[in-house]
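To start, the structure itself, in structure tokens.
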Amino acid sequence: MTGIDLGGKVALVTGASRGIGAAVARRLAQAGARVAVNYHASPDAATAIVASINDSGGEAILAGGDVSQEEAAQSVIKRVVDHFGRVDILVNNAGITKDRLLLRMTPEDFDGVMNVNLRGAFLCTKYIMPHLIRQRSGRVINMSSVVGLSGNPGQANYAAAKAGLVGLTKAVAREVASRNVTVNALAPGYISTAMVDELTEETQKKILSNIPMGRFGTAEDVAEAVVFIASDGASYITGQVLTIDGGMIA
Ligand code: NAP
């Protein structure tokens with residue numbers, strides 16, 4: 001998608017030290033947004049993403065912090081607003097997996113995934129919302145997954161968190177629609193990142209046979225959708241889940 005102009009907008013992308021989040025941060029910057037790159041455990045990788053955006057003519061800052069912790073989430077948003085004077089776009093992308101069949105899944109496996117993927121999105125959305133409401137404009141984009149729509153063996157925790165994000169999206173979309181703030185979710189299928197690279201070759205082959213387009217998605221495929229949902233052209237779209245999966249669950 002070309003021609004989208006996000007000049008003047010400020011975006012916070014959680015979990016942007018690699019993978020989809022990094023591609024989203026780069027693409028938002030390319031469209032003219034000033035970008036805050038959040039990370040938790042990978043400061044060096046996040047610093048490299050910030051440098052690559054600034055080196056290519058964009059404007060980016062680091063905004064580290066574990067989004068699942070209330071104080072950290074608050075201070076990430078404060079850092080963005082203190083630095084840029086505003087914030088317009090939140091991409092709740094930070095996510096982890098701890099895959100195990102239900103009978104082997106520990107309560108800690110469950111809580112860990114819920115905390116980052118769902119609680120983190122709740123906290124960032126909660127603490128950014130006063131700024132968006134005050135501005136009478138804003139975008140929240142939640143990174144769900146096709147797994148949250150269809151389920152997947154070995155991912156009860158992850159599927160529950162990603163389905164939870166769909167509910168969060170729809171509820172908050174209804175709460176803030178009158179303030180000109182939209183809240184949408186993206187549901188990527190299998191995207192070539194560290195998360196998919198960890199799967200065995202046999203599993204990857206099996207998955208590919210179920211994707212009508214015959215390929216895994218790229219982080220850039222997801223980033224294009226983020227830029228569109230963030231744009232003025234998407235101002236009447238809210239409470240939706242956009243699947244980006246090469247036709248897998250069509
Ligand atoms: P990834 O390569 O593993 O990257 C995950 C990102 O999340 C990293 O930048 C990581 O940063 C960050 N993160 C993890 N815990 C965090 C925390 N507590 N606070 C802040 N940041 C944290 O994953 P990905 O494949 O790009 O996936 C990105 C998102 O898309 C996730 O929500 C994932 O569930 C979703 N998704 C992915 C796929 C796929 O096929 N890849 C499909 C559907 C949905 P640090 O290393 O700095 O902690």
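Across the chain, how many lysine pairs, 8 or more apart or on two chains, come within less than 19 Å at their alpha-carbon atoms?
6
In this entry, the stretch 1-115 is assigned a mean projected area of 8.1 nm², taken as a quarter of its C-alpha convex hull surface.
Divide the volume of the convex hull around the Cα atoms of the stretch 145-209 by the residue count and you get 98 Å³ per residue. One quarter of the convex hull surface built on the alpha carbon atoms of the chain amounts to 12.8 nm², the projected area averaged over directions.
Would you compute the Debye intensity of the stretch 211-250 from its alpha-carbon atoms alone, equal scatterers and no solvent, and pass along log10 I(q)/I(0) at q = 0.15, 0.23, 0.33, 0.34 Å⁻¹ to two decimals? Here the Debye-derived log intensity ratios amount to -0.42, -0.82, -1.10, -1.13.
May I ask for the angle, rounded to the nearest 10°, between helix 156-176 and the longest principal axis of the chain, with both axes built from Cα atoms and the value confined to 0 to 90°? Once rounded, the angle reads 30 degrees.
Relative to the longest principal axis of the Cα atoms of the chain, the long axis of helix 120-135 makes an angle of roughly 30 degrees. Under a model in which nothing but the beta-carbon of Lys, Arg (+1) and Asp, Glu (-1) is charged, the stretch 21-115 shows a dipole of about 280 debye around its Cα centre. Given +1 on the Cβ of Lys and Arg, -1 on the Cβ of Asp and Glu, and no further charges, what dipole in debye does the chain carry about its Cα centre, rounded to the nearest 20? The calculated dipole for the chain is roughly 680 debye.
Each stretch of four or more DSSP H residues adds -39500 (n - 2.57); spread over every residue of the chain, this sum gives -14000 deg cm²/dmol at 222 nm.
Cα centroids of the stretch 3-55 and the stretch 231-249: 21 Å apart.
Its Cα centre serving as origin, the stretch 50-98 has a Cβ charge dipole (Lys and Arg +1, Asp and Glu -1) of approximately 80 debye. Rounded to the nearest 10 degrees, the inclination of helix 19-30 to the longest alpha-carbon principal axis of the chain is 30 degrees. On a C-alpha basis, how far is the centre of the stretch 184-199 from the centre of the stretch 84-115 in Å? Whole number, if you could? The stretch 184-199 and the stretch 84-115 have Cα centres spaced 14 Å from each other.
In the stretch 89-142, what trypsin sites (Lys or Arg not before Pro) fall in a loop by DSSP, with at most 11 other Cβ atoms inside 10 Å?
Those satisfying the criteria are Arg136.
Taken together, the values in this text are just the output of simple stated rules run on the coordinates, not laboratory data. Just so we're clear, the structure is a prediction, and the values are computed from it rather than from any experiment. Glycine also receives a Cβ, built like all others from the backbone with ideal geometry; neighbour counts cover every protein chain displayed.
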